[in-house]
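Taking it in order: structure first as structure tokens, then the write-up.
The values are calculated or read from the model by the stated rules, or taken from the named source; none is laboratory data. Note that the coordinates shown come from a computational prediction; the quantities given were computed from them, not determined experimentally. Here Cβ is always computed from backbone atoms with ideal geometry, including for glycine, and neighbour counts include all displayed protein chains. All accessible areas refer to the heavy atoms of the entire protein, side chains included, with ligands and DNA or RNA removed. Shrake-Rupley method; radii C 1.70, N 1.55, O 1.52, S 1.80 Å.
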Amino acid sequence: MTDSGKVASDTPSGGGPLVVLEKVNKYFGDLHVLQDIDLTVHRGEVVVVIGPSGGGKSTLCRSINRLEPIDDGKILVDGEALPAEGKQLARHRADVGMVFQSFNLFAHKTILQNVTLGPIKVRKVAKSTADKEALELLERVGIANQAEKYPAQLSGGQQQRAAIARALAMRPKVMLFDEPTSALDPEMVKEVLDVMTSLAGEGMTMIVVTHEMGFARRAANKVIFMADGQIVEENTPDEFFTNPRTDRAKDFLSKIL
Ligand code: ADP
Ligand code: MG
């Protein structure tokens, strides 16, 4: 239910806006990498971001997590504007879980330590509690038996599932996935997508940059097609894949499908 008591029809949980971008602009020197981006992600919604390389998808994710500052516009997460820096920023980052293509686990910490570090440091959770919660999360992503190993001892798929558990340990309000399966051997893609699909089914709000069109069709409530720094098309997955509105999207789909 939203504050007004209305149930939105296009979202599974009928949630109100959780992530809102208003006229977001960003430049890298002369390159206008995000151009007047408007985007609303509702609670419980899964938004899949698709588009050609260099279109600004990663920059969009990094901006929402404040890994990149924006030059103009507004980004709100759960009604709050992004803080500039300091403690507030650490808290904001905790609200926005992020999973990268390259796993980014700490190589010299065990899988369990990778998952408990954030909760202990940022959420100030006692170690015993953090350990218990971490094991539950590792169970949920199917690698509880790998808890005492180091990242290099795990397969890519297992490492990425550990990275998902680590992000979830911060109890984020929204999860960002930036091409989470692009660095994986093909046989490991499914185990990661399965974890993401079950997260979506549990009502997690998710923004997912991916080239996995099967996942997009199955799991997305909304598809965003991004190219040259702009949102070129926003559509339902059914419409996007069968009857895209823009030539740019048609052209892109004809190359990858
Ligand atoms: P995508 O994820 O869709 O492939 P990116 O957001 O990574 O796109 O990149 C968008 C554009 O911004 C590309 O042209 C890229 O080269 C450029 N870019 C990305 N990061 C930087 C950076 N830190 N400095 C300068 N240019 C960048
Ligand atoms: Mg990218």
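Based on this model, can you work out whether residue 60 counts as under 18 Å from residue 229 (Cα atoms), open to solvent by less than 10 Å² (accessible area, probe 1.4 Å) and modelled with pLDDT of 95 or more? So residue 60 fits the description; yes.
Of the residues making up the range 64-101, those that are in contact (Cβ under 8 Å) with a residue 40 or more places away in the chain, within 22 Å of residue 183 (Cα to Cα) and within 16 Å of ligand 1 (Cβ to nearest atom) are 65, 98, 99, 100, 101.
Can you say whether residue 197 is in contact with a Lys or Arg (Cβ under 6 Å, 6 or more places away or on another chain) and away from ligand 2 (no atom under 16 Å from the Cβ), as far as the supplied structure shows? Break it down stepwise before answering.
On the way: in contact with a Lys or Arg (Cβ under 6 Å, 6 or more places away or on another chain): no; away from ligand 2 (no atom under 16 Å from the Cβ): yes.
No.
Candidates 39, 76: the one that is surrounded by 17 or more Cβ atoms within 10 Å (Cβ to Cβ), in a strand (DSSP E or B) and in contact with a strand residue (DSSP E or B) (Cβ under 8 Å, 6 or more places away or on another chain) is 39.
The set of residues from the range 30-63 being more than 13 Å from ligand 1 (Cβ to nearest atom), out of contact with any Phe, Trp or Tyr (no Cβ under 8 Å at 6 or more places or on another chain) and not hydroxyl-bearing (Ser, Thr, Tyr) comprises 36, 38, 39, 41, 42, 43, 44, 45, 46, 47.
Residues in the range 139-167 that are in contact with a Lys or Arg (Cβ under 8 Å, 6 or more places away or on another chain) and over 16 Å from residue 106 (Cα atoms): 141, 142, 143. Any residue at all in the range 17-29 that is within 16 Å of ligand 1 (Cβ to nearest atom), open to solvent by 10 Å² or more (accessible area, probe 1.4 Å) and not in a strand (DSSP E or B)? For the range 17-29, residues within 16 Å of ligand 1 (Cβ to nearest atom), open to solvent by 10 Å² or more (accessible area, probe 1.4 Å) and not in a strand (DSSP E or B): present.
Taking the condition of being open to solvent by 30 Å² or more (accessible area, probe 1.4 Å) and part of a loop (DSSP other than H, G, I, E, B), how many residues in the range 120-141 meet it?
So the count comes out to 4.
Scanning the range 211-224 for residues that are of a type outside the set (D, E, K, R) and away from ligand 1 (no atom under 11 Å from the Cβ) yields 213, 214, 215, 216, 219, 220, 221, 223, 224. Output yes when any residue across the range 98-107 is modelled with pLDDT of 95 or more, within 15 Å of the chain's Cα centre (by Cα) and β-branched (Val, Ile, Thr), and no when none is. Among the residues of the range 98-107, at least one is modelled with pLDDT of 95 or more, within 15 Å of the chain's Cα centre (by Cα) and β-branched (Val, Ile, Thr), which makes the answer yes. Do we find that residue 117 is modelled with pLDDT of 90 or more and either closer than 18 Å to residue 136 by Cβ or part of a helix (DSSP H, G or I) (or both) in this structure? Taking the combined requirement at face value, the residue satisfies it.
Looking at the range 176-183, is at least one residue away from ligand 1 (no atom under 16 Å from the Cβ), in contact with a helix residue (DSSP H, G or I) (Cβ under 7 Å, 6 or more places away or on another chain) and modelled with pLDDT of 95 or more?
The first filter runs over the range 176-183 and keeps only residues away from ligand 1 (no atom under 16 Å from the Cβ), leaving none.
Within the range 176-183, not a single residue is away from ligand 1 (no atom under 16 Å from the Cβ), in contact with a helix residue (DSSP H, G or I) (Cβ under 7 Å, 6 or more places away or on another chain) and modelled with pLDDT of 95 or more.
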